[in-house]
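**Student:** The structure under discussion is supplied below as structure tokens; questions concerning it will follow.
The values are calculated or read from the model by the stated rules, or taken from the named source; none is laboratory data. If you're wondering where the values come from, they're calculated on a predicted model, not measured in any experiment. Cβ placement follows ideal geometry from the backbone for every residue including glycine, while neighbour counts extend to all protein chains displayed.
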Amino acid sequence: MGVIDAPQWVLSAWRRSLEAVGATADREAIEARGEALIGRWSEPDRIHHNMKRLIGVLARVDELAPETHHPDIVRIAAWYHGAVFNAAAREAYAHRGGVDEAASAALARTELTELGVPEKVVNRIAELISVLARHAAPATDIDAQALCDADLGGLASEPQKYEAYRREVREEYRHIPQRDYVEARLRIVTKLLGRTHLFRSPLGRDWEDAARENLNAELARLTSELATLPPRAEDEPDPSRADVARSGSDPDADDAGFGLSDQAPEPRDSERATRTAVPDVDLPPERAPASDRSRGTEGTWPNRPPSMRSADAEPEEDEAQHETSLSRPPRMPARQRPTSD
């Protein structure tokens with residue numbers, strides 16, 4: 001999916017979000033920047049971390065928008081959160097599977113400032129991107145919780161789509177030796193399942209059971225596969241540790257399910273509660289967030305395609321049987337499954 005192949009509504013959604021947060025640049029400049037971002041997300045080495053995934057994250061942000069303070073700020077953070085990406089082995093081990101939030105946040109600061117976005121808003125967007133590096137949203141920050149949940153929401157996809165996600169991720173890191181990859185994924189899945197909650201926002205918690213069923217199925221598959229692989233030589237280092245050590249990166253930073261290095265342990269609730277609440281961002285009155293207006297305007301994202309416009313409508317159930325080796329979990333009510341990547 002390249003710049004030309006991206007749905008037309010995506011660029012319109014980008015422009016409307018920028019205008020909503022106070023960008024002063026003209027329409028042409030805003031759209032040109034959006035096209036450049038689409039180009040980044042459409043690079044040929046992005047098999048999973050691509051435009052389709054970005055659209056999925058944006059759609060899930062829209063599902064969670066009614067409980068956010070500033071949904072357009074969250075959307076823009078989603079646009080930039082994986083803008084800097086490199087799936088090469090060293091980068092994959094050192095930066096959350098190749099996603100570099102620090103560089104992505106710096107890119108957002110530069111480009112949004114050039115578009116005339118107010119400094120306070122720019123700082124907030126960069127902060128939200130940085131939160132994704134450890135998926136540790138403070139209990140007092142509902143917007144950060146929504147962004148983290150939207151990023152992880154694909155884990156709650158229907159089993160067939162989760163299986164497709166697994167294949168995409170493996171293809172994206174096809175240059176990683178099989179044992180290294182399986183061991184890294186096992187660490188990720190195990191740590192995710194060890195968390196008290198995968199999702200923190202009130203609406204996002206509806207995705208918890210489906211995500212855990214998918215992760216447990218993957219854990220069983222990975223454990224079985226690892227038992228069939230040749231053991232690592234005694235003097236052979238674990239590259240996921242060696243490359244991280246050489247890079248100077250935090251060995252506990254990860255993509256929370258989409259990368260190759262270890263996921264950071266979940267912060268205790270007591271630690272979350274003691275963090276200072278993020279000060280609210282002042283937006284012009286005419287650009288009030290969706291949570292302060294009746295649902296059906298910005299909160300339901302009119303920019304998206306017709307199939308996504310009714311956030312309250314019950315989607316039709318897909319009665320087709322899933323032809324996948326993953327065990328199929330009990331069907332959940334339709335509205336409890338997030339929009340998948």
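**Student:** Considering only residues that are among the hydrophobic types (A, V, I, L, M, F, W, C) and assigned to a helix (DSSP H, G or I), look in the range 198-220 and name the one that is surrounded by the fewest Cβ atoms within 10 Å (Cβ to Cβ).
**Tutor:** For the range 198-220, the residue satisfying everything is Ala220.
**Student:** Filter the range 76-105 down to the residues that are at pLDDT 80 or above and of a type in the set (Phe, Trp, Tyr) and list them by number.
**Tutor:** Across the range 76-105, the qualifying residues are Trp79, Tyr80, Phe85.
**Student:** Among the residues of the range 1-47, write down those that are of a type outside the set (Gly, Ala, Ser), over 21 Å from Val74 (Cα atoms) and in a loop (DSSP other than H, G, I, E, B).
**Tutor:** Met1, Val3, Ile4, Asp5, Asp26, Glu43, Pro44, Asp45, Arg46, Ile47
**Student:** Applying the selection to the range 30-77, what residues are without any contact (Cβ under 8 Å) to a residue 60 or more places away in the chain, over 22 Å from Val122 (Cα atoms) and buried (at least 18 other Cβ atoms within 10 Å of the Cβ)?
**Tutor:** Ser42, Asn50, Met51
**Student:** Also, I was wondering about something else. For the range 156-177, check the following and say yes or no: at least one residue is at pLDDT 95 or above and assigned to a loop (DSSP other than H, G, I, E, B).
**Tutor:** Yes, the range 156-177 has at least one match.
**Student:** Would you confirm whether or not the range 121-143 contains a residue that is at positive phi, touching a helix residue (DSSP H, G or I) at 6+ places or on another chain (Cβ under 8 Å) and at pLDDT below 95?
**Tutor:** yes
**Student:** For the structure I just gave you, tell me whether Val122 is part of a helix (DSSP H, G or I) and β-branched (Val, Ile, Thr).
**Tutor:** Yes, satisfied.
**Student:** Would you confirm whether any residue within the range 140-163 is surrounded by fewer than 21 Cβ atoms within 10 Å (Cβ to Cβ) and closer than 25 Å to Glu43 by Cβ?
**Tutor:** Yes; the residues of the range 140-163 include at least one that is surrounded by fewer than 21 Cβ atoms within 10 Å (Cβ to Cβ) and closer than 25 Å to Glu43 by Cβ.
**Student:** Among (1) under 18 Å from Trp79 (Cα atoms); (2) under 14 Å from the mean Cα position of the chain (by Cα), where does Pro118 come up short?
**Tutor:** (2)
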